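*Asks:* After the structure tokens below, expect a handful of questions from me.
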Amino acid sequence: MVMNVQSQLYSFLVMLYGGMIIAILYDVYKVIRIILKPNRLATDIGDIIFWILGTIVFIFFLYISNYAEIRFYSFLGFLIGILLYNILLSPFVIKLLLLVYKIAKNIFIKAYKIVAYPFIAVYNMLIVPIRYFSKMMGIPGKLVYNIISHFNIFKKKK
């Protein structure tokens with residue numbers, strides 16, 4: 001099918017946008033890898049999943065731009081979109097994503113501390129009588145105390 005210059009420019013710009021989307025997805029994947037620090041196998045599986053997703057996104061944008069007709073300017077737009085994003089925006093987006101992660105993590109930790117505080121207080125109030133009665137009861141009491149004290153989910157970390 002013969003395309004006019006306007007259609008070719010539209011196709012080029014859509015593929016440019018698609019390249020930027022792929023680069024954003026890669027930055028998200030990169031930040032997830034920084035946070036989780038996966039082992040070699042998990043990294044390989046994540047890479048395969050990313051490239052399958054990237055292929056789907058590429059085909060989707062290729063279909064949107066010119067009904068999946070493979071043209072040189074489509075590939076060129078896609079690659080230029082990736083390069084422009086990596087040069088201009090990638091460092092800022094990675095820093096922003098890491099900042100969002102740190103803020104969300106701090107909010108979650110503070111919410112956990114607020115929710116867990118009553119349970120910690122009850123645990124700390126009950127551990128003293130349990131320790132006292134375990135000394136009075138002898139060996140069975142020590143066994144009960146050892147079992148209860150091993151549930152250290154309420155103990156403060158040093």
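*Asks:* All but one of (1) modelled with pLDDT of 80 or more; (2) of a type outside the set (Ser, Thr, Tyr); (3) farther than 30 Å from Ser7 by Cβ hold for Asn86; state the number of the condition that does not hold.
*Replies:* Asn86 satisfies every listed condition except (3).
*Asks:* Within the range 72-81, identify whether any single residue is loosely packed, with under 13 Cβ neighbours inside 10 Å and either part of a helix (DSSP H, G or I) or more than 17 Å from the chain's Cα centre (by Cα) (or both), and answer yes or no.
*Replies:* Checking the range 72-81: at least one residue is loosely packed, with under 13 Cβ neighbours inside 10 Å and either part of a helix (DSSP H, G or I) or more than 17 Å from the chain's Cα centre (by Cα) (or both).
The values are calculated or read from the model by the stated rules, or taken from the named source; none is laboratory data. Fair warning: this is a prediction, and the values are worked out from it, not measured in the lab. Cβ atoms come from the backbone with ideal geometry, glycine included; neighbour counts cover every protein chain shown.
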